[in-house]
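Read-outs: derived from the displayed coordinates by stated rules, not from any lab. Keep in mind it's a predicted model, so treat the numbers as computed, not measured. Every residue, glycine among them, receives a Cβ derived from its backbone with ideal geometry; neighbour counts consider all protein chains shown.
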Amino acid sequence: MSTKATKSKSGKHLRKDKKNRNKETNMDKNKERAPQHRKRHFTTNTPLIVSPKQWEAAHRKLLVKEKELTRARDALAAERRRMPWVAVEKKYQFDGPKGKASLLDLFDGRRQLVLYRAFFEPGVVGWPEHACVGCSMVADQVAHVAHLNARDTTLAFASRAPQTDIDRLKARMGWQFIPWYTITDGFDKDFGVDEWHGTNAFIRDGDRVFRTYFINNRGDEQMGNTWNYLDITPLGRQEEWEDSPKGYPQTSPYEWWRWHDEYGNDEASAKVLEQVRRGRAAAQTGDAT
């Protein structure tokens, strides 16, 4: 064997030996860490450790309070549906994907509008790559808007960033299904969202628009869920069990649900409806409220 070949072979062995030594070192480090992870203990007082039977008893006891909270939340939503409305008289203008848009245009032909004021604009931490971190968390939690649309409700976001920046942000973050508009006038100041995030609810009667509700601060934490959005609207979830003023639109619970890509598909709707009604008849759906 030539000297060159010998050196080449020796070099390969040296590299292999070094690689094995590094692997062994990493394994040793992992072995050192593993017991530490296993030995970690809570540094504060923990609840009692009990038998499965005792746990079930404690769970049933707490469920009583859970149901009380559910009923209280339903009652609060019923009060929201009886809140007075205030007419929006000013003609606000937004920039949208299709050009100029009025507040009425943001409804997209539907009866209700839920409008979240997001902070994505110069001066906000993260600009221009990101929107406000809190507003981004809200956007990340938004359920598919097709379910809101099925209840005659539109969800939209608005900020002061130009549409080109909004398009780029939506593509990066996966928010393409959220309609997002650019505020161009005093809308944010007039509706209490010029310095802080907030969610406004509106309803329209023909071409007239009314403000019906508003939440911000921790109230925005619960947003993103289809039900929570509907609960702040003047018409609510529009289901028969709700305590709503006489004449409000209401349908049977469950029966309007669809896969988000199958709304409008009569064949799929018929099959879903059949299954839901069969399940309800067999009392498999539990407490509907």
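Considering only DSSP beta bridges whose two residues both sit in segment 158-285, what percent are antiparallel, to the nearest 5?
Rounded to the nearest five, the antiparallel share is 70 percent.
For the residue pair Q222 and T70, what label-to-label distance in nm results when each label sits 7 Å from Cα along the Cα-to-beta-carbon direction?
If labels sit at Q222 and T70, their model points lie 1.5 nm apart.
Going by Cα centres, segment 173-246 and segment 51-120 are how many Å apart?
First find each Cα centre; the distance between them is then 7 Å.
Ratio of alpha-carbon Rg to the 2.2 N^0.38 Å globular estimate for segment 108-252, to two decimals, please.
With N residues counted in segment 108-252, Rg over 2.2 N^0.38 Å equals 1.05.
Restricting the count to DSSP beta bridges whose residues both fall in segment 36-173, what percent are antiparallel, rounded to a multiple of 5?
Roughly 40 percent of the DSSP beta bridges within segment 36-173 come out antiparallel.
Express as a percent, rounded to the nearest 5, the fraction of DSSP beta bridges in segment 101-232 (both residues included) that run antiparallel.
Roughly 60 percent of the DSSP beta bridges within segment 101-232 come out antiparallel.
Once the Cβ-Cβ distance between R277 and E195 is put in as r, and R0 is 35 Å, what FRET efficiency do you end up with, to the nearest 0.05?
Here the calculated transfer efficiency is 0.10.
Just to verify a number: FRET efficiency for V133 and E267, C-beta to C-beta distance, R0 = 25 Å, to 0.05?
Efficiency at R0 = 25 Å is approximately 0.05.
Which entries of K65/K246; K90/K189; K100/K170; K67/K246 have Cα-Cα distances beyond 21 Å here?
In this structure, K65/K246; K67/K246 lie more than 21 Å apart at Cα.
Treating the beta-carbon of each Lys and Arg as +1 and of each Asp and Glu as -1, no other charges, what is the dipole magnitude of segment 164-284 about its Cα centre, to the nearest 20 debye?
Dipole of segment 164-284, to the nearest 20 debye: 300 debye.
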